[in-house]
Structure formats: structure tokens, C-alpha cells
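Written below as C-alpha cells is the structure these notes are about.
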Amino acid sequence: MKNRLKQLREQNDISQEKMAELLGVSRQTIISIEKGRYNPSLPLAIQIARCFNTIVEKVFLLDDE
């Protein structure tokens, strides 16, 4: 699964540390998601999308898309 987390975060001028704080996770979790090494749980994916006032499908993309 690919994601646009880094792009969205940078467009909104949110640091990895701030994003982690908003979501209640570690900065390492944010780094791992951005690098595609970790796929978040559905509740976390929904939280991430809500931070950007969008839907999960706009943040996370299946590899075949």
C-alpha cells in the first residue's frame, strides 16, 4: 500500500513530531508509515485522514492504483 502522508503533512506544514502528537503515536510510527514499512490500523488510518479533512482513500492507495 502506498500513501500520501508525507506530501499532505508537508502541504499543511505539520512536522512528523506534531503529526505523531496529534495522533497519539510515536514519531517513528509516522516515519515508518511514510516510508511504506508499516500499514496503519484502520482506526489510525481514519484518524490520519481526518487530520487533513479528507477520506482514507485520498491518503492511502493500493499498490495497483
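The values are calculated or read from the model by the stated rules, or taken from the named source; none is laboratory data. Because the structure is predicted, anything quoted here is derived from the model rather than measured. Cβ placement follows ideal geometry from the backbone for every residue including glycine, while neighbour counts extend to all protein chains displayed. Accessible surface is based on the protein model in full, side chains and every heavy atom, while ligands, DNA and RNA are left aside. Shrake-Rupley method; radii C 1.70, N 1.55, O 1.52, S 1.80 Å.
Here are some notes:
- Single condition G36 does not satisfy, out of (1) touching a residue at least 12 places away in the same chain (Cβ under 8 Å); (2) surrounded by 17 or more Cβ atoms within 10 Å (Cβ to Cβ): (2)
- Per-region count, the range 44-63, residues part of a helix (DSSP H, G or I), open to solvent by less than 90 Å² (accessible area, probe 1.4 Å) and more than 18 Å from Q16 (Cα to Cα): 1
- None of Q11, Q7 is loosely packed, with under 12 Cβ neighbours inside 10 Å, under 10 Å from the mean Cα position of the chain (by Cα) and free of Cβ contacts under 8 Å to residues at least 12 places away in the same chain except Q7.
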